[in-house]
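Worksheet: one structure, shown below.
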Amino acid sequence: MSLFYFWWQSVEKKYCDDLAGSYGLNENKSSMSFVMPSQYTKDNLPKPDNTDIKIQTTAEEYVAAIQFGGYANDEKIKKYATQLELDLKENGIEYFGNFRFLGYNAPYQVLDRKNEIIVAIHWKE
C-alpha cells in the first residue's frame, strides 16, 4: 500500500486535484488503481520507480454508479454496492464484473467527501 501512496502523492500534487482512487471489491483479490483525467497518457505521467506499480490504459466502458458522502468504510461500501445491485436489477439493467469503490478525496479532507460504487453495464446507445 505504501508504494501506491507515494506514487499517488507525486501524481496528485503535480497533475490535478480531482483524481479518483479505485479499489476492486472482489473477495478473492484486492487491487488499487487511480483513474486519471483523459488529458493524461502513459507518456506524460511520472514513471513509477518500483516495478510493482504498473501504468495501464483500460478500455472505455459504461458504468452504473451510486454516490455517497462522508468517510467510506467496509459497512458503507457493502451497503451502497448492495443498493446499486438492487437498483440495477429493478430496472432490468445487466451488469458484469466486480463492483468497484471510487474515493475522490485525500484522507485528511473532512468535509464534502465524494465516494462512488461503480460496476460495468451492458448499454446500447
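The values are calculated or read from the model by the stated rules, or taken from the named source; none is laboratory data. Values in this document were obtained by computation on a predicted structure and should not be read as measured data. We place every Cβ from the backbone using ideal geometry, glycine too, and count neighbours over all the protein chains shown. These area figures cover heavy atoms from the full protein model, side chains too; ligands, DNA and RNA do not enter into them. Shrake-Rupley method; radii C 1.70, N 1.55, O 1.52, S 1.80 Å.
Observations
- Lys47 contributes about 130 Å² of solvent-accessible surface, heavy atoms of the protein only, 1.4 Å probe.
- Whole-number Å³ per residue for the convex hull built on Cα positions in the stretch 33-109: 149 Å³
- Computed accessible area, Ile66, all protein chains, 1.4 angstrom probe, square angstrom: 30 Å²
- Annotation: for a label point projected 7 angstrom from Cα along Cα→Cβ of Glu94, residues of the stretch 108-125 with backbone N closer than 11 Å are 122-124.
- Among the listed pairs Lys79/Lys114; Lys42/Lys78; Lys76/Lys114; Lys47/Lys76, those beyond 24 Å (Cα-Cα): Lys42/Lys78; Lys47/Lys76
- Karplus (6.51, -1.76, 1.60) ³J(HN,Hα), θ = phi - 60°, over the stretch 63-76, in Hz, Gly and Pro reported as x: 10, 9, 9, 10, 10, 8, x, x, 6, 8, 9, 4, 5, 5
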